[in-house]
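Bear in mind these aren't lab numbers, they're just calculated from the coordinates by the rules spelled out. All values derive from a computational prediction rather than experimental measurement. When we count neighbours, we look across all protein chains shown, and the Cβ atoms used for this are built from the backbone with ideal geometry, even at glycine.
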Amino acid sequence: MKGFPGGARGALAVTAFFVLCCLVRALAPQGAPYLRLLSAHAIVAGGSVLKLSLLAASALWSFLARDRLEPGHPARRCWGLLSLSFAGLFSGQLSLAPSQLAYGTEAFPSPADVFYLAGTVLLVVAIARFLRVHRQAELVPDPHFHRALVSFAVVALVVAVPVLWPIALAPAPPLERAINVAYPALDLVALVPLAMLLRLTRRMGGTVGRVWSFLLAGCVAFATADVLFASFSDPALHPVDPVLHASYVLSYGLWATGTRLQLDLIGARRAASSAAEA
Amino acid sequence: MRTDEVTQAITGVLSPHLGESMAYAAVCAQVQKLKVGRTIRPQEVDALLARLAAGLNVFVGPTTSAGAVEGARKAVSALEHQP
């Protein structure tokens, strides 16, 4: 983690520690003595605090990244939308936190889903705008852009049927089923611009490539977590499943790292150029 | 100045930001767009750096972008003064 600012290192370290705890909890044999430390309540409560912290950090750092770009800069609105998206997810997590901390449980569906759905829609819009802006930068020509776009859209449609069909047919109340379908459906919509963005940035290395690797890996982890969440037939299992919590914390941790690195990329260089001017 | 030398010099400066492969591809793409031949004139260097600055600006912001392009300008200038 050479060259990582403190915030990014901290986000990665706590994320890795929590994911490790969840994996131990998921893989440990029943009755193992150390499971007392990693109780279901501890995973849910610890995960809740961590999710809130990482989402707050992501929202703040992406907002600051937006703020450091002058009005009219092509990427300014993208970073603003990303910040709003993280703020929406944070609000959803915040409304779940009291019951998670006190009882280790969470209601589903709940008002939190309004925030989560709004946050996810904003995430899709932000990714699509980043794609447009990065393409318009024309650093490297992309003659096969439209062909790739159609291919990814077809793949998303083909994947949508087997993923969404069983969720749509699951024995659950209509509202619950609709929300369960909405999350992975939105993620599949997001995966098209996301795949295009990955295609555009896959050859990037250096500081820019590092930022986008973390942000896009976070989106992939988030989509995976949403599919896992929707795939559980019994919502009562949601709060205690450590793999589910690990997937969400992983995505939030990757986002926090990526946004902090972007902030450093803009901020550090500004300081360096001011020093050079002096 | 030889275009390939200028390309290499600018690539070296942009690599920490974009990675070597992407930096090289970006410089080559802009050289092709400007229809530069085997040698490059100072005005063409300016145009090339302006295009790269605009592209880089989207990813890293204007300050970092301007700093990188200034570094590239110095690298090209050093080529001119080579014996």
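Calculated mean residue ellipticity at 222 nm for the protein assembly as shown: -28500 deg cm²/dmol, from DSSP H runs with n ≥ 4 weighted as -39500 (n - 2.57), summed, divided by the residue count and rounded to 500.
P(r) tail, region A:1-144: Cα-Cα pairs separated by more than 19 Å, 64% of all pairs.
Quick one: putting +1 on the C-beta of Lys and Arg, -1 on the C-beta of Asp and Glu, what dipole do you get for the protein assembly as shown around its Cα centre, in Debye to the nearest 20?
The dipole magnitude comes to about 680 debye.
Within the straight-line cut-off of under 25 Å between alpha carbons, the lysines reachable from B:K35 are B:K74, sequence neighbours fewer than 8 places apart in one chain being disregarded. Under conditions of 10 °C and 1.306 mPa s, chain B yields 128 µm² s⁻¹ as its translational diffusion coefficient, taking Rh as the Kirkwood radius over Cα pairs in the Stokes-Einstein equation.
When the trypsin sites (Lys or Arg not before Pro) in region A:149-226 are filtered for DSSP coil states and for at most 14 other beta-carbon atoms within 10 Å of their beta-carbon, the remaining sites are A:R202.
Quick check for me: using +1 on Lys/Arg Cβ and -1 on Asp/Glu Cβ, what's the dipole size of region A:14-172 about its Cα centre, in debye to the nearest 20?
Here region A:14-172 has a charge dipole of around 160 debye.
The mean sequence separation of alpha-carbon pairs under 8 Å and at least six residues apart, normalised by the residue count of region B:3-80, gives a relative contact order of 37 percent. Over chain A, Cα pairs under 8 Å with separation of 6+ residues give a relative contact order of 30 percent.
With all projection directions averaged, the alpha carbon convex hull of the protein assembly as shown covers 21.0 nm².
Scanning chain B for trypsin sites (Lys or Arg not before Pro) lying in DSSP loops with no more than 12 further Cβ atoms inside 10 Å, the longest uninterrupted stretch between such sites is B:39-83. Here A:K51 is the anchor, and the aspartates and glutamates within straight C-alpha reach of less than 16 Å, apart from those fewer than 8 places off in the same chain, are A:E106, A:D113, A:D226, A:D241.
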